[in-house]
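Reviewing the structure listed below.
The values are calculated or read from the model by the stated rules, or taken from the named source; none is laboratory data. Values in this document were obtained by computation on a predicted structure and should not be read as measured data. Don't worry about glycine lacking a Cβ; one is built from the backbone with ideal geometry, like all the others, and counts go over all protein chains shown.
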Amino acid sequence: MSTAPASRADVVVVGAGQAGLSAAYHLRRRGFAPYSGFVVLDADEAPGGAWGHRSPSLTMASVHGFHDLPGMPLPAADPRRPARDAVPEYFAAYERAHTLPVLRPVRVRAVRPGPAGLLLVETDAGDWSARALVNATGTWTRPFVPHYPGAGLFRGRQLHYAEYTGPEEFRGQRVVVVGGGASAIQVLSETAAVAETLWVTRRPPVFRDTPFTMEAGRAAVARVEQRVRAGLPVQSVVSVTGLTDSPAVLRARELGALNRLPMFDRLTATGVAWDDGRSIAVDAVVWATGFRPEVGHLAPLGLREPGGGIRVDGTRAIADPRIQLVGYGPSASTVGANRAGREAAARVHALLHAQGAPVPAGVDAQRS
């Protein structure tokens, strides 16, 4: 904790990815003034959120399911351009166009109960006090690699999808790709053109041969919401939605890379093995096994339930209504993040009003 007096804002938004920028936009629409009314603290050096860290091989043509930020469409981009360049440029232009008060690089270390019912937000660049906090830290900084016996014995290379930079590093090798989601499919669709690939998943993947309708989307969101309301760990989106015929799926299928094997039981010095006696020598293992929500800085608030997750009603943390979580659970997608940003801003506005604090009357507030 800094010994200097804490800076003050009514609302602190942590994270400037899709969810954080959406929340910031809607806070402005509700009349919250930059800096005194709200501030956005972002740990990255530059705009872009997780997009700035994606593999350079992920082009705009292969981006699946991106949705514009509210109030400003994504400009047309060369489909061959890396998403890690095009999307951060869009985010930077968005911050400028809406005069969003983003401070970076600022890493939030902890959020604690403060005096007089306020929250104390401790950062590596000084502390902030706030009446409410919108947590939009996403998952990219917490890649998940499951433990499997023999992992320490394997003499080849192991990397998480977050470290993947493209297929060329695997040219001529035999590669195991672990995971049943869109990230695994991207790696397969690229690497199978230059290397021998094996695809393993814990459960048989589900391919949707019909369009993903609005009804199916609502049903998927409802299932994820049910888990977070119960305080259970967040479930991956693809485990609910299945895999659609994206360009990456079609390319991987064309390359013959979708012949899925059941999950191996252990790693060996030279590869992977199953308890039925099968073993395969491999050069590398790519763990496309997802991410976990980055919420460790909220630990001092005691939000976690015995089940391991944070109970959330919409965006509101049930254990502390001052905390809104966006990009978490059912809002962990670009379209979900947009909706969650709007809901979080509305809930913050209502909370401050209920506390008797002076609240602004912006365009959206007047419509509420």
| field | In the range 255-285, residue farthest from Arg202 (Cα to Cα) [restricted to those that are in contact (Cβ under 8 Å) with a residue 12 or more places away in the chain and hydroxyl-bearing (Ser, Thr, Tyr)] | value | Thr270
| note | By residue number, the members of the range 298-312 that are touching a residue at least 40 places away in the same chain (Cβ under 8 Å) and part of a loop (DSSP other than H, G, I, E, B) are Glu305, Pro306, Gly307, Gly308, Gly309, Arg311
| task | Examine the range 112-130 for a residue that is among the basic types (Lys, Arg) and touching a helix residue (DSSP H, G or I) at 6+ places or on another chain (Cβ under 6 Å), and state whether such a residue exists. | result | yes
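Given the residues Ala76, Ala46, which is the only one that is part of a loop (DSSP other than H, G, I, E, B), assigned by TED's automatic domain parsing to the domain that holds Ala19 and free of Cβ contacts under 8 Å to residues at least 12 places away in the same chain?
On the way: Ala46 fails: free of Cβ contacts under 8 Å to residues at least 12 places away in the same chain.
Selected residue: Ala76, the only one of Ala76, Ala46 that is part of a loop (DSSP other than H, G, I, E, B), assigned by TED's automatic domain parsing to the domain that holds Ala19 and free of Cβ contacts under 8 Å to residues at least 12 places away in the same chain.
Mind checking whether some residue in the range 14-37 is in a helix (DSSP H, G or I), closer than 23 Å to Ala248 by Cα, touching a residue at least 24 places away in the same chain (Cβ under 8 Å) and out of contact with any Asp or Glu (no Cβ under 6 Å at 6 or more places or on another chain)? Step through it out loud before you land on a result.
Quick first cut of the range 14-37, residues in a helix (DSSP H, G or I) only: 18-29.
Next, only the ones that are closer than 23 Å to Ala248 by Cα stay: 18.
From the residues that got through so far, the ones that are touching a residue at least 24 places away in the same chain (Cβ under 8 Å) too are 18.
Then keep just the ones that are out of contact with any Asp or Glu (no Cβ under 6 Å at 6 or more places or on another chain); that gives 18.
Yes - at least one qualifying residue is present in the range 14-37.
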| query | Can you find a residue in the range 271-286 that is under 14 Å from His147 (Cβ atoms), in the same structural domain as Tyr164 (by TED's automatic domain parsing) and not aliphatic (A, V, I, L, M)? | reply | no
| task | Take the range 267-306 and flag every residue that is surrounded by fewer than 16 Cβ atoms within 10 Å (Cβ to Cβ), closer than 24 Å to Gln186 by Cα and over 27 Å from the mean Cα position of the chain (by Cα). | result | Ala281
